[in-house]
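Comments concern the structure below.
Derivation of every value follows stated rules applied to the coordinates shown; laboratory data play no part. Note that the structure is predicted; figures quoted are calculated from it, not measured. Note that we place each Cβ from the backbone using ideal geometry, even for glycine, and neighbour counts take in every protein chain shown.
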Amino acid sequence: MVLSKQKITILIVGVAIVVVAIVRLILSPSAGSIDAVAARTQGPAQARVNIVEFLDFECPACAKGAMEIKEYLTKHPGDIHLQIKYFPLMNMHRHALQVASYAECVSRQGKFWPFFDTLMPLQSQWSPLFSAEAIFDQIAGQAGVDMAKLRACVSSEDVPTTIMNEKSLGISLGVKSTPTYFINNKMVVGYKSLVEELNKYFPQDK
Amino acid sequence: MAVFLRIFIGLVFLISGFEKLISPYQNFLYVIQAYEIFPSGMEKAVAFIVPWIELLTGLFLILGLWLGWSLKGALVLFSCFIVIVGQALIRSLPLEACGCFGEWIHILPKNIIVFDSVMLLGTFWLLRHPAQVKRFSLDQSLKA
């Protein structure tokens, strides 16, 4: 039996669609639950809008997104529950892992939010630096952490493990870039999509 | 030479399209949004359609099926990529990577524009040498 060119084309397109569908099925995000780390959550747990954010503290769109969410949190404090997860992009950002380590260590002292709220607006200042440790120390100090404990924590081995475990969780959910948000379990990537999605819940803010 | 180049260009499209198709489409939508060139509604359509066009163009180039059309398709795709990345560079948009191969390979926009330009010239060259391109192709086998 000799197949015509048209039939071979249909066969190839069909096989391509089936292969992509199978691979997507195999790699489809696991429906595992995302545990909330109390120190990195904000807003009531029963809020109608639940946001889980995977971020890299050094990514510019993450800083922009952080300001946007802060505005929504200020306007609708009872309606949003936000939790932050680490997703450092070490191959793109030189401080990614270090700043995540600082964030994890200030979290352990219950000071994540004051640290985060100062860190993100200053991102354009510390990101281009060769070494930003002094700035991270300063911001952590302003947040009121115990500096001796912070230094011990930042150099401990379990901190990168915690961070990379969260990144692995993100990868298993299909996260590839930052910022990636799960808004009421719907995956939303980037600042523009974040605003579009939040506008659906808060149309009066458009 | 022509066959190797044809297969190489095909692999570039195949890998690029496949990576985007097996990932949640929101990731490629984010890449498109970063170029700030399409209206919102069109961004979503582009994020859905382009990976399939890349994958099929790549497959057809590798297998040597509908070569004339596949090469013309590759030419259009490379030209579009050059325009899209070029306008982003001219406007100094804050792109950290081109996003062309998803998260598998990170290439700076200024580097990918050189790569795409070389590929565009290569595709032109292939279009001008149809007899060489058709060696080891389905087009040739099916004609025989």
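Below are the figures for this structure:
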read-out: Matching option when the condition is over 26 Å from A:Thr178 (Cα atoms) and surrounded by fewer than 17 Cβ atoms within 10 Å (Cβ to Cβ), among B:Lys110, B:Lys134, B:Lys143; value: B:Lys143
read-out: Contacts under 6 angstrom Cβ, first residue in the range B:117-135 being under 16 Å from B:Phe81 (Cα atoms), partner in a helix (DSSP H, G or I) and not β-branched (Val, Ile, Thr), 6 or more apart; value: B:Met119/B:Phe78; B:Leu120/B:Phe78; B:Gly122/B:Leu5; B:Thr123/B:Leu71; B:Thr123/B:Ala74; B:Thr123/B:Leu75
read-out: Hey, A:Ile69 crowded, with 16+ Cβ neighbours inside 10 Å, within 20 Å of A:Glu166 (Cβ to Cβ) and of a type outside the set (D, E, K, R) or not; value: yes
read-out: Residue list for the range B:104-144, restricted to those being charged (D, E, K, R) and either touching a Lys or Arg at 6+ places or on another chain (Cβ under 6 Å) or not in a loop (DSSP other than H, G, I, E, B) (or both); value: B:Lys110, B:Asp116, B:Asp139, B:Lys143
read-out: Helices (runs of 4 or more DSSP H) completely within the range A:1-111 that count 2 or more residues being away from chain B (no Cβ under 14 Å); value: A:60-75, A:96-108
read-out: Tally of residues being in contact (Cβ under 8 Å) with a residue 12 or more places away in the chain, away from chain B (no Cβ under 12 Å) and in contact with a helix residue (DSSP H, G or I) (Cβ under 7 Å, 6 or more places away or on another chain) across the range A:159-206; value: 7
read-out: Matching option when the condition is within 19 Å of A:His95 (Cα to Cα), among the charged types (D, E, K, R) and either out of contact with any Asp or Glu (no Cβ under 6 Å at 6 or more places or on another chain) or in a helix (DSSP H, G or I) (or both), among A:Lys149, A:Lys200, A:Lys167; value: A:Lys167
read-out: Residue check, A:Ser124 over 21 Å from A:Leu198 (Cα atoms) and within 14 Å of chain B (Cβ to nearest Cβ); value: yes
read-out: Selected residue (criterion: farthest from the other protein chains (Cβ to nearest Cβ)) from residues of the range B:46-96 that are assigned to a helix (DSSP H, G or I) and among the hydroxyl-bearing types (Ser, Thr, Tyr); value: B:Ser79
